[in-house]
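Okay, so here's the structure we're looking at.
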Amino acid sequence: MSDEVNPFESLQEQIDDAAAYLEYSTDVLERLKHPERVLETSLSVEMDDGSVEVFRAFRSQFNGDRGPYKGGIRYHPQVSRDEVKALSGWMVYKCAAVNIPYGGGKGGIKFDPREYSDSEVERITRSFAKELRPIIGENKDIPAPDVNTGQREMNWIKDTYETLENTTEPGVITGKAPESGGSAGRVEATGRSVMLTTREAFEYLGKDVENATVAVQGYGNAGSVAAKLIDDLGANVVAVSDSSGAVYNPDGFDARAAKAHKTETGSLAGFEGATEELSNEALLTMDVNLLIPAALENAIDETVATDVQADIIVEAANGPLTPRADDVLSERDVVVFPDILANAGGVTVSYFEWVQNRQRFYWDESRVNDELERIITTAFRDLVDTYERTDAPNFRTAMYVVAIERVVDAAEEGGIWP
Ligand code: NAD
């Protein structure tokens, strides 16, 4: 992974690339490139041994022209103000790309939760929820899970918020457990949109997904579900990795069995379906039909991009390619389908969860999956229409053109005030 690339600068460059195909004035573009506000806070939290530790935490509210801010909360040692700003901007354009009525936000706490006990993680989470309380709410800003957070953390945040506000407001956060108002289908939603994007992409490019070889970097929530569902399309998953390394079998293996092994043992190492163990770098440059980066941002930099042998990349992670890597891959005719479409299933089913919470009326999983499919396939059609209409150099730029037009249209409806 490249340490030098600032994801916030990557976001701004992606907006500039798309702006070349749009006729907006500098002031309009400037507004699209910076967050409206960023909360930066220090959490003083008591540890199990009675000592007190201080944690840096952030929430960026990037743009609210199309609806309440929406986006996940990440726990990771790499969390920084600029990372959170970038991720919140990507949420704006992701929600606009798939045309759901949200703006974009993102939050994070800079720490590795694996180094803390469950009760410490709970106190850290509740402390952050207390700081977030004035700026979140079902009509203001709706957090969700991201890297190293899940239903457990969402339930704690909801409980802290509702206790302090003396209310019941399940729509203040999404990605909750079903018992707390979570939606059917949410856990698998991101991987499902990666699968739907893959299916549409292969069809559009006139390629056969059946028996296509697939490598997946990052075998967490997004990556493992995408692998399983793409396996179900008849593709052949040949390599997957997590932070401890990669496993490979040229004949392919059962993606579900690899996930079960990781859940049971905590890592992919020793997975009996594999014939070889590889480095993470080797997985990214394997000769496969489809590569799915599903770990963190900047996984593929310019150097790695030069060696990528995949024909198609579908981005499950947010920002896995640096802008220079994007240029190299474009020149080398590797077709990239962008994160703001491919992983939008997570936020789309979060949207369904919020709708159900507000109506106090819950859908079954098949309705959730059908509605998700409708939204992703519509967005895919919008993407290819714009790609063909604008002559944009790649699908990322074309997707940003679609998204930026929607954000600017909404902003213009509101006008400038005061
Ligand atoms: P996760 O924590 O469940 O999984 C991340 C996985 O990546 C883990 O298996 C980890 O071991 C692995 N990993 C980390 N560094 C690696 C490396 N250098 N090489 C190989 N593997 C590595 O997280 P997740 O929720 O699946 O999120 C993954 C990505 O997808 C993030 O970029 C996140 O922002 C994005 N995303 C997730 C969702 C969601 O709903 N979960 C929605 C949209 C986008």
Calculated FRET efficiency for the pair ALA177/GLU276, C-beta based, R₀ 51 Å, to 0.05: 0.85
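At 0.36 nm per residue, and after removing the present C-alpha to C-alpha distance, how many nm does the segment from SER25 to ALA269 gain when stretched out fully?
82.5 nm
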Mean separation of Cα contacts under 8 Å (6+ apart) over length of the stretch 308-368, as relative contact order %: 35
Cα lying deepest toward the dipole's positive end in the chain, options HIS76, GLN14, ASN280, charges on Cβ: HIS76
Computed E for ARG133/ARG256 - FRET, C-beta separation, R0 45 angstrom, nearest 0.05: 0.65
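Taking Cα pairs under 8 Å and at least six residues apart, what relative contact order does the stretch 99-228 come out at, in percent?
This gives 18 percent for the stretch 99-228.
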Exposed trypsin sites (Lys or Arg not before Pro) absent: longest stretch of the chain, with sites in DSSP loops and at most 15 other Cβ within 10 Å deemed exposed: 1-139
In nm, spacing of pseudo-spin labels at LEU205 and HIS34 (7 Å Cα→C-beta vector): 3.9
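Please give the contour-minus-distance gain from GLN78 to GLU331: 0.36 nm per residue of separation, less the Cα-Cα distance, rounded to one decimal in nm.
Result for the pair: 88.0 nm of gain on full extension.
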Cα centre as origin, Lys/Arg/Asp/Glu Cβ charges: the chain dipole, Debye: 1340
Given charges at Cβ of Lys, Arg, Asp, Glu: the chain dipole, positive-most of MET154, VAL216, PHE202: MET154
The chain, relative contact order [Cα under 8 Å, separation at least 6], %: 17
Where Rh is the Kirkwood radius over Cα pairs, Rg/Rh for the stretch 231-321: 0.94
Virtual spin-label span in nm between THR378 and ARG114, 7 Å along Cα→Cβ: 4.0
Distant-in-sequence amide H partners of VAL240 (H built 1.01 Å from N, under 5 Å): VAL216, VAL247
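Compute and list, largest first, the equivalent-ellipsoid semi-axes of the stretch 137-200 from the alpha carbon gyration tensor, each √(5λ) rounded to a whole angstrom.
Calculated on Cα positions only, the semi-axes equal 26, 11, 10 Å.
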Gyration tensor over alpha-carbon atoms, the stretch 1-93, equivalent ellipsoid semi-axes in Å: 32, 15, 9
Under-16-angstrom lysine pairs by C-alpha in the stretch 26-119, whenever the two are 8 or more apart or on separate chains: 10
Debye log10 I(q)/I(0) at q = 0.09, 0.20 Å⁻¹ for the stretch 279-418, Cα point scatterers: -0.36, -1.18
Dipole in debye (nearest 20) - the stretch 212-327, about Cα centre, beta carbon charges: Lys, Arg +1; Asp, Glu -1: 380
Rg(Cα)/(2.2 N^0.38 Å) for the stretch 71-123, N = residue count: 1.36
Zero-based 20 Å bins, Cα pair distances in the chain, whole percents: 28, 60, 12, 0
About the Cα centre, charge dipole magnitude for the stretch 274-390 (Lys/Arg +1, Asp/Glu -1 at Cβ), debye: 700
Alpha-carbon Rg with Dmax, taken over the stretch 337-418, Å: 15.6, 46
Nearby lysines by direct alpha-carbon distance to LYS262 (threshold 19 angstrom, same-chain neighbours under 8 apart not counted): LYS228
Dipole axis of the stretch 88-130 (+1 Lys, Arg; -1 Asp, Glu on Cβ), positive-most option in SER127, ILE109, CYS95: CYS95
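How big is the antiparallel share of DSSP beta bridges in the chain, given as a percent to the nearest 5?
Numbers: 24 of 47 bridges.
In the chain, DSSP labels about 50 percent of beta bridges as antiparallel.
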Alpha-carbon centroid distance for the pair the stretch 6-62 / the stretch 161-220, whole angstrom: 23
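Rg/Rh for the stretch 217-279 to two decimals, with Rh computed the Kirkwood way over all alpha-carbon pairs. Mind showing how you got there, number by number?
Working: Rg = 10.2 Å, Rh = 11.2 Å.
Taking Rh as the inverse mean 1/r over Cα pairs, Rg/Rh reads 0.91.
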Compactness index (Cα Rg / 2.2 N^0.38 Å), the stretch 96-190: 1.07
With every protein chain in place, the chain: carbon and sulfur % of accessible area (1.4 Å): 44
Range in the chain, longest, excluding exposed GluC sites (Glu not before Pro) [loop by DSSP; at most 13 other beta-carbon atoms within 10 Å]: 24-209
From phi via Karplus (6.51, -1.76, 1.60), per-residue ³J(HN,Hα) for the stretch 39-50 in Hz, x at Gly/Pro: 8, 10, 9, 10, 9, 9, 10, 7, 8, 4, 8, x
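The values are calculated or read from the model by the stated rules, or taken from the named source; none is laboratory data. Computed from a predicted structure; not experimentally measured. Reconstructed Cβ throughout: ideal geometry from the backbone, glycine too, with neighbour counts over all protein chains shown. Heavy atoms of the whole protein, side chains included, go into the accessibility calculation; ligands, DNA and RNA do not. Shrake-Rupley method; radii C 1.70, N 1.55, O 1.52, S 1.80 Å.
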